[in-house]
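Worksheet for the structure shown next.
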Amino acid sequence: MPYFGKYYVVAVVDTAGNVAYSAPITAMIEDRTPPIAPKGIRAKVDTSGIVTIQWPNSPESDVLGYKVYRSYEQDNEYYEQRTIGILADSMFVDTLPSRTLTRQAFYKIIAVDFSNNHSGFSAPITVALPDKVPPATPIIQAALVENHAIRLRLIPSLSDDVVEHTLYRREPTGVWREITKIPGHPTANLVVLDSALTHEQTYEYSLVARDWGGLQSERSFVVSAQYIDLRKLVVAAPSGLKAVYDPKQKQIRIEWVCKPPETMYHYLIYRGINGEAISTYKQVRGTNTFTDTALPTEGVYEYAVRLVLPEDQSKLSETGKVTYRK
């Protein structure tokens, strides 16, 4: 066997045929040649995260055993050794964490010979971790009524293993119905137009993300909007809206121009803060002014007004903006 060395003795024989042997000595051949790296590595993982790794025994006779290394990044310079000492077998069982956002683990193996020469790393083998963590919940940022549709602004799930988003709609007393599926893993905010709507009907929307393992996120916060087909409105919208901040009273006063109709009516005040979409805020009757005293934060406040009649309503007025500083 190469590099294992040999034992030598010297024998002395006299004329009578008697033999005497010297003490044995060993002659070692220094081994500086590392073994080749293991090949043909296979791995399988079960649903509980138990990984079984197998590979063929080295064809080299002086291989003593193996060392197994793991990393969660394939190109990581430093892999963690998972074996204790040198493994004599050509199979190794490892346990992966069951609840993690990491989706893959990578293993490499080294062969070690009797002279403690280490081979290079084997090619990495990839193991897919069992997916037990649902994706992060997406968000519907706003639902805005347009001439013939509701425009939905969506913030997709932040999880990197998302493969699909599904948008749902329902009437307040109905069941959720799928509107559309958005495949892939979008990295920017999305816009979806929902146009199959009924005039003056209120709708609710929600968004769900699904990952590559089939797990679904929790349903997003529900956002509602009343669809008004602006093409059917004949009532003139309020005009000349002004918004003024009173620093002494710490309040914002808005006023607008609108000829009072002869029938019953009221106004809907809409408000948005610091660039958020404006939404229904307050209802007022019998006046063309409104004082806003509930100012939760500094910034730019945006207002609009809608005239509402028993059987009709106007378009939204032009907006008015004002800056609030404490």
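For the reader, a short list of remarks on this structure follows.
- Sorting F121, F106, F221, F114 by solvent-accessible area of protein heavy atoms yields F221, F114, F121, F106, largest first, with a 1.4 Å probe.
- A P(r) calculated from all alpha carbon pairs of segment 71-146, with 10 Å bins opening at zero, reads 13, 36, 23, 11, 8, 5, 3, 1 percent.
- Net charge dipole, segment 69-188: roughly 620 debye, given to the nearest 20, about the Cα centre with Cβ charges of +1 for Lys and Arg and -1 for Asp and Glu.
- Measuring between their Cα centroids, segment 169-235 and segment 105-130 lie 50 Å from each other.
- Radius 13 Å from Cβ of R70, net charge of other residues (Lys, Arg +1; Asp, Glu -1): 0
- The ratio of the alpha-carbon radius of gyration of the chain to the globular-protein estimate 2.2 N^0.38 Å is 1.92.
- Neighbourhood net charge (11 Å Cβ-Cβ; Lys/Arg +1, Asp/Glu -1) for G299: 0
- Neighbour net charge for V284 - beta-carbon separation under 13 angstrom, K R +1, D E -1: +3
- Cα lying deepest toward the dipole's positive end in the chain, options P186, G240, V305, charges on Cβ: G240
- Selected from T297, T26, T126 as most flexible by GNM, with the chain as the system and alpha-carbon contacts under 10 Å: T26
- The percentage of C-alpha pairs in segment 202-326 whose separation is greater than 24 Å is 40%.
- Proximal lysines to K315, defined as alpha-carbon separation beneath 24 angstrom and excluding residues fewer than eight positions away on the same chain: K232, K242, K259, K282
- For the chain, with all protein chains in place and a probe radius of 1.4 Å, 51% of the accessible heavy-atom surface sits on carbon or sulfur.
- Leading residue at positive end of dipole, segment 101-193 (Cβ point charges), from S157, G174, G120: G174
- Taking all protein chains as they are arranged and a probe of 1.4 Å, the heavy atoms of T280 leave approximately 90 Å² accessible to solvent.
- Karplus (6.51, -1.76, 1.60) ³J(HN,Hα), θ = phi - 60°, over segment 181-194, in Hz, Gly and Pro reported as x: 10, 10, x, x, 10, x, 9, 10, 4, 10, 10, 10, 9, 10
- Mean-square fluctuations from a GNM of the chain, with a 10 angstrom spring cutoff on Cα atoms, peak among I36, I150, I84 at I84.
- Low-density loop positions, GluC sites (Glu not before Pro), segment 248-326 - DSSP coil, at most 10 other Cβ in 10 Å: E262, E311
- Using a probe of 1.4 angstrom and keeping all protein chains present, the accessible surface of the chain works out to 59 square angstrom per residue.
- Segment 23-55: trypsin sites (Lys or Arg not before Pro) in DSSP coil with no more than 15 other Cβ atoms inside 10 Å: R32, K39
- Cβ-placed point charges (K, R +1; D, E -1), dipole of the chain about Cα centre in debye, nearest 20: 1400
The values are calculated or read from the model by the stated rules, or taken from the named source; none is laboratory data. Since the model is a prediction, treat every value here as computed from it, not as a measurement. We place every Cβ from the backbone using ideal geometry, glycine too, and count neighbours over all the protein chains shown. Side chains are part of the model used for accessible areas, which takes the heavy atoms of the whole protein and leaves out ligands, DNA and RNA. Shrake-Rupley method; radii C 1.70, N 1.55, O 1.52, S 1.80 Å.
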